[in-house]
Amino acid sequence: MSTPAAATPATPARPENTDSNTANTGASSAVEQRLAELGLTLPEVAAPVAAYVPAVISGNHVYTSGQLPFINGKLEATGKVSAGTEGTSDEPTVSPEAAKDYAAVCAVNALAAVKSVIGDLDRITRIVKVVGFVSSDPSFTGQPGVINGASELLGKVLGDAGQHARSAVGVSVLPLDSPVEVELIAEFA
């Protein structure tokens, strides 16, 4: 098994958006200021890859679609998450540490999807639930550690409102052969 160089970028959890179309030239909310303090920029909402929308509102909750770890519109790594000592696949693999960073990127992308429908991330009163999917080598069992990347990021930027219920699920494959995917439910006022 090999880990392609693209699967372990130096800072995958820092999706600096340099797109000139980005409306986020400055932090417009306390949540975005905390993201900026972490060196993160809220990206444009990723375009759907099938027949769905990135987020919908129902009552006072936002449900996001699964978010992949797109950085500047590009999926930086593909393949299954593996500790490198198990499995016999010749497919590209992603280390658990890199996958954890990518889960944080997914969480930032999910926050962008939330903002797209409520306008201001400071309206979030609680992240109710996070569901994380990890494309896993058959013997990999570290899914919770990988999805901690999303959970820890949400805690850092939302404080107590970022504490949530969660599922971390191992799957055989994800869209576009992404190593991780994260969706969330956010309550807002």
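The values are calculated or read from the model by the stated rules, or taken from the named source; none is laboratory data. All values derive from a computational prediction rather than experimental measurement. Neighbour counts are summed over all protein chains in view; Cβ atoms, including those assigned to glycine, are modelled from backbone coordinates with ideal geometry. SASA here: full protein model, heavy atoms, side chains in, ligands and nucleic acids out. Shrake-Rupley method; radii C 1.70, N 1.55, O 1.52, S 1.80 Å.
Of everything listed in (1) part of a strand (DSSP E or B); (2) farther than 13 Å from LEU184 by Cα, the single unmet condition for ASP122 is (1). Selection of first residues in the stretch 28-55 that are on the phi > 0 side of the Ramachandran plot and of second residues that are part of a loop (DSSP other than H, G, I, E, B) and surrounded by 14 or more Cβ atoms within 10 Å (Cβ to Cβ), restricted to Cβ pairs under 6 Å at least 6 apart or on distinct chains, gives the following pairs, ordered by first then second residue: GLY39/ARG14. Looking across PRO175, PRO179, one residue alone is more than 19 Å from ASN60 (Cβ to Cβ) and surrounded by fewer than 20 Cβ atoms within 10 Å (Cβ to Cβ). It is PRO175. Scanning the stretch 35-45 for residues that are assigned to a loop (DSSP other than H, G, I, E, B) and buried (at least 19 other Cβ atoms within 10 Å of the Cβ) yields LEU40, THR41, LEU42, PRO43, VAL45.
Checking the stretch 73-87 against the condition returns a match, with at least one residue being in contact (Cβ under 8 Å) with a residue 60 or more places away in the chain, touching a Leu at 6+ places or on another chain (Cβ under 9 Å) and assigned to a loop (DSSP other than H, G, I, E, B). State all residues of the stretch 146-161 that are open to solvent by less than 50 Å² (accessible area, probe 1.4 Å) and within 14 Å of the chain's Cα centre (by Cα); if no residue qualifies, say none. Hits for the stretch 146-161 are VAL146, ILE147, GLY149, ALA150, SER151, LEU153, LEU154, GLY155, VAL157. Entry remark, the stretch 50-69: residues being touching a helix residue (DSSP H, G or I) at 6+ places or on another chain (Cβ under 6 Å) and either open to solvent by 40 Å² or more (accessible area, probe 1.4 Å) or assigned to a loop (DSSP other than H, G, I, E, B) (or both) number 3 in total.
Every condition in (1) surrounded by fewer than 13 Cβ atoms within 10 Å (Cβ to Cβ); (2) within 13 Å of the chain's Cα centre (by Cα); (3) acidic (Asp, Glu) is met by GLU76 except one, and the failing one is (1). What are the pairs with Cβ atoms under 8 angstrom where one residue, in the stretch 124-144, is open to solvent by 60 Å² or more (accessible area, probe 1.4 Å) and the other, located anywhere, is aliphatic (A, V, I, L, M)? Sequence gap at least six, or different chains. From residues that are open to solvent by 60 Å² or more (accessible area, probe 1.4 Å), the pairs are THR125/ALA161; THR125/ALA189; ARG126/ALA161; ARG126/ALA186; LYS129/ALA165; LYS129/LEU184; LYS129/ILE185; PRO144/ALA168.
For the stretch 26-34, check the following and say yes or no: at least one residue is touching a Leu at 6+ places or on another chain (Cβ under 6 Å), among the hydroxyl-bearing types (Ser, Thr, Tyr) and either modelled with pLDDT of 90 or more or in a loop (DSSP other than H, G, I, E, B) (or both). Within the stretch 26-34 (the criterion being touching a Leu at 6+ places or on another chain (Cβ under 6 Å), among the hydroxyl-bearing types (Ser, Thr, Tyr) and either modelled with pLDDT of 90 or more or in a loop (DSSP other than H, G, I, E, B) (or both)), the answer is yes, since at least one residue qualifies. For the stretch 104-115, the condition of being open to solvent by 20 Å² or more (accessible area, probe 1.4 Å) and not aliphatic (A, V, I, L, M) holds for at least one residue.
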